[in-house]
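Q: Structure incoming, see below.
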Amino acid sequence: MSASIEKDIDDFRFQFDSMYVGGIPRLLDDVGAFLAFLTILTATDALAGVWNPTLGSGERFKGFVQAYFPADLKPRAEDLWCFRN
């Protein structure tokens, strides 16, 4: 492997560690946990749109939760939709 590629990998790793891994401690307080939860809801909404774009937003969000979330969260699809709103 060339020195240039190794440097690029090292630079990428530094940026990744500082942005993503370094950000984890900031998610461990109440504010960070809430923001992380909102991010999950937003990602669910986006993935649901790709999963079934023909349904209305509420139907596809709840359907996506029913199809892909862990069994203990599937019954909470309506609650998650209400929270998302």
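Q: With over 20 Å from N85 (Cβ atoms) and among the hydroxyl-bearing types (S, T, Y) as the only criterion, which of S2, S57 stands out?
A: Just a single option satisfies the conditions, and that option is S2.
Q: Name the single residue that is nearest to the chain's Cα centre (by Cα) among those in segment 34-54 being more than 27 Å from I24 (Cβ to Cβ) and open to solvent by less than 60 Å² (accessible area, probe 1.4 Å).
A: That would be G49.
Q: How many residues does segment 12-33 contain that are at pLDDT below 75 and either of a type in the set (G, A, S) or open to solvent by less than 40 Å² (accessible area, probe 1.4 Å) (or both)?
A: 2
The values are calculated or read from the model by the stated rules, or taken from the named source; none is laboratory data. Treat the numbers as computed from the prediction; the structure is a model and nothing was measured. Cβ atoms come from the backbone with ideal geometry, glycine included; neighbour counts cover every protein chain shown. Protein only, heavy atoms only, side chains kept; ligands, DNA and RNA dropped before computing areas. Shrake-Rupley method; radii C 1.70, N 1.55, O 1.52, S 1.80 Å.
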